[in-house]
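Trainee: Please find one structure pasted underneath; my questions will follow.
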Amino acid sequence: MNLHIPAIIDGQESAGIAVSENVFGQVFNESLVHQLVVSYLAGGRAGTKKQKTRAEVSGGGAKPWKQKGGGRARAGSTRSPLWRSGGVTFAATNRSYKQKLNKKMYRAGLRSILSELLRQNRLIINDALNSIEPKTKVLSNELRRFEDSRILLVTSAVNDDLYLASRNLPNVNICLSSTLSPVALVNSDKVIVTTEAVKLIEERLG
């Protein structure tokens, strides 16, 4: 079966380019995609608790007084938890929310998402993104047919002009083909990619 991603050329839709069935023709695996999205979101979470142990507080390098003969209890550091400004005995540490997902599952999840986007006609090619002027109005006109849609623009390399043109459009986001976000893909009504980005995605996930 030959798969094609439709393309926009000079404002008109065309048949587009043929793509690999191994990447864009997979069955949608809902449970895997759910696991992928949850893992991705969990990896972005940061803990909110942090206290310092006696090893982490500053100072305390020298023994405060000699071991014997002073009439005081033995002390090896001024940063003992027993001392004022010392470390905490059982210090709270930041919790890691990361969930393990191996590379094979991660790539399979991305292939599943991309395949479903193509089946739902939510994936389209537009190489005009490569030479867009750094003006919001120009990009807005280019995306006019997708008005009120959440749009993800995927390029093969950093494009400063495209970034400048899109940063004031509330429903438009940009990402690179090398750092595809499963959350951004799932949340987008339309995913617009360049031909070069499609080739890089096929190389990475094929």
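Trainee: So which residues in region 168-206 are among the acidic types (Asp, Glu) and closer than 16 Å to residue 23 by Cα?
Mentor: Step one: list which residues in region 168-206 are among the acidic types (Asp, Glu), which gives 189, 196, 202-203.
196, 202, 203 - these are the residues of region 168-206 that are among the acidic types (Asp, Glu) and closer than 16 Å to residue 23 by Cα.
Trainee: If you don't mind, there's one more thing I want to ask. Looking for whichever is within 30 Å of residue 127 (Cβ to Cβ), out of contact with any helix residue (DSSP H, G or I) (no Cβ under 8 Å at 6 or more places or on another chain), at pLDDT below 90 and not aliphatic (A, V, I, L, M) here; the options are 47, 16. Which one fits? So that I can check it myself, show each step before the final result.
Mentor: Details: 47 fails: within 30 Å of residue 127 (Cβ to Cβ).
Just one listed residue meets the conditions, 16.
Trainee: Right, residue 104: under 22 Å from residue 3 (Cα atoms) and part of a helix (DSSP H, G or I) or not?
Mentor: no
Trainee: Can you find, within region 183-206, the residue that is surrounded by the fewest Cβ atoms within 10 Å (Cβ to Cβ) among those that are out of contact with any Lys or Arg (no Cβ under 7 Å at 6 or more places or on another chain) and outside any helix (DSSP H, G or I)? Please lay out each step first, then the result.
Mentor: Applying the first criterion (out of contact with any Lys or Arg (no Cβ under 7 Å at 6 or more places or on another chain)) to region 183-206 yields 183-186, 192-204, 206.
Now drop any that are not outside any helix (DSSP H, G or I), which leaves 192-194, 206.
Details: 192: 24, 193: 27, 194: 23, 206: 12.
Checking each candidate, the answer is 206.
Trainee: Where the second residue is of a type in the set (Val, Ile, Thr) and part of a loop (DSSP other than H, G, I, E, B) and the first is closer than 12 Å to residue 48 by Cβ and lies in region 89-110, which pairs have Cβ atoms under 9 Å and are six or more apart or on separate chains?
Mentor: 93/53; 94/48; 95/48
Trainee: Of the residues 171, 159, which single one is closer than 27 Å to residue 9 by Cβ, at pLDDT below 95 and surrounded by fewer than 17 Cβ atoms within 10 Å (Cβ to Cβ)? Give the steps one after another, and end with the answer.
Mentor: Details: 159 fails: surrounded by fewer than 17 Cβ atoms within 10 Å (Cβ to Cβ).
171 is the lone residue from the list that is closer than 27 Å to residue 9 by Cβ, at pLDDT below 95 and surrounded by fewer than 17 Cβ atoms within 10 Å (Cβ to Cβ).
Trainee: Out of (1) assigned to a helix (DSSP H, G or I); (2) within 26 Å of residue 39 (Cα to Cα); (3) not hydroxyl-bearing (Ser, Thr, Tyr), the odd one out for residue 164 is which?
Mentor: (2)
Trainee: Also: Just to be sure, is residue 31 part of a loop (DSSP other than H, G, I, E, B) and either farther than 30 Å from residue 195 by Cβ or among the acidic types (Asp, Glu) (or both)? I'd like the intermediate steps shown before the answer.
Mentor: Details: part of a loop (DSSP other than H, G, I, E, B): no; either farther than 30 Å from residue 195 by Cβ or among the acidic types (Asp, Glu) (or both): yes.
The answer is no for residue 31.
The values are calculated or read from the model by the stated rules, or taken from the named source; none is laboratory data. Fair warning: this is a prediction, and the values are worked out from it, not measured in the lab. Neighbour counts are summed over all protein chains in view; Cβ atoms, including those assigned to glycine, are modelled from backbone coordinates with ideal geometry.
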